[in-house]
Amino acid sequence: MSEVWDGVYQSDNTFFGEEPSSFATLCLNHMKSNNVKKVLEIGAGHGRDTLFFASNGLEVEALDYSSIGIEIINKKAHENKLPVNSQLYDVKKPLPFKDACFDAAYSHMLLNMRFSQAELHSVFSEIRRVLRPNGLNYFSVRNHNDQFYGAGVKVEDGVYDINGFEVRFFSEKEILDLIAKEGFNMLWIREEYEEPVTLYLVAAIKLKKN
Ligand SMILES: C[S@@+](CC[C@H](N)C(=O)[O-])C[C@H]1O[C@@H](n2cnc3c(N)ncnc32)[C@H](O)[C@@H]1O
């Protein structure tokens, strides 16, 4: 699937726009009031949110499995002298960082891509590992109110092929179960329409192990 995203960014290196997402703006405010300095962004795309966080004083590590996306981020970060490290990386593998080295993790519309239930649990478990105690996990995923939910070809329960993209649509309960099982507490969840998709925006905090 990384070729699909390479093709998207090759034909349009600002596919998601040059402005940050409103989710990133919301999270930046929350990060600032929670003393976040170092952020891991997974599925960073061409970096609209990565560059926004970095230009607002955060140190950002960005991962994506699209080499074109990573090239675009590197070029823009270099041109603007921003504190961004980005790497080509498939986040289905264990994250390439030591334990407890980030204040926050962030992903926008990544975890609704084709991840099996086992892969989702493993990504959350890896995020938890690399977050400091009380570290924050911000993520957005498409939900059951999305206009494309149930459209396209069904791949498995909750997952549909929409024009060549395999997308998982989440219920609120699925999110709550996933984060609780992987050692996070929900701070907030809200719904937002980001043309053309409907998302849950979530902030969760790393719990201490029992
Ligand atoms: C819907 S796009 C969102 C991009 C970016 N977060 C934004 O909102 O502008 C999803 C991104 O996740 C990346 N991605 C999907 N699966 C991935 C994986 N297993 N490992 C790393 N990146 C992945 C894709 O390459 C794509 O850039």
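Tabulated data
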item	result
Contacts under 6 angstrom Cβ, first residue in region 97-109 being within 18 Å of ASN143 (Cβ to Cβ), partner within 16 Å of the ligand (Cβ to nearest atom) and assigned to a loop (DSSP other than H, G, I, E, B), 6 or more apart	SER107/GLY43; HIS108/SER21
Criterion: of a type in the set (A, V, I, L, M, F, W, C), part of a strand (DSSP E or B), touching a strand residue (DSSP E or B) at 6+ places or on another chain (Cβ under 8 Å) and on the phi < 0 side of the Ramachandran plot - qualifying residue of ALA54, ALA105	ALA105
Residue in region 59-73 that is more than 11 Å from the ligand (Cβ to nearest atom) and either closer than 25 Å to ARG190 by Cα or buried (at least 23 other Cβ atoms within 10 Å of the Cβ) (or both) present	yes
Unmet criterion (only one of (1) more than 10 Å from the ligand (Cβ to nearest atom); (2) hydroxyl-bearing (Ser, Thr, Tyr); (3) within 14 Å of the chain's Cα centre (by Cα)) for SER11	(3)
Residue in region 80-87 that is in contact (Cβ under 8 Å) with a residue 60 or more places away in the chain, within 15 Å of the ligand (Cβ to nearest atom) and not hydroxyl-bearing (Ser, Thr, Tyr) present	no
Selection count, region 176-201, where residues are more than 19 Å from ARG129 (Cβ to Cβ), assigned to a loop (DSSP other than H, G, I, E, B) and either modelled with pLDDT of 95 or more or of a type outside the set (Asp, Glu) (or both)	1
Single match in LYS208, LYS173, LYS154 (criterion: in a helix (DSSP H, G or I) and surrounded by fewer than 16 Cβ atoms within 10 Å (Cβ to Cβ))	LYS173
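The values are calculated or read from the model by the stated rules, or taken from the named source; none is laboratory data. The shown structure was predicted, so the numbers you read here are calculated from the model rather than taken from an experiment. Reconstructed Cβ throughout: ideal geometry from the backbone, glycine too, with neighbour counts over all protein chains shown.
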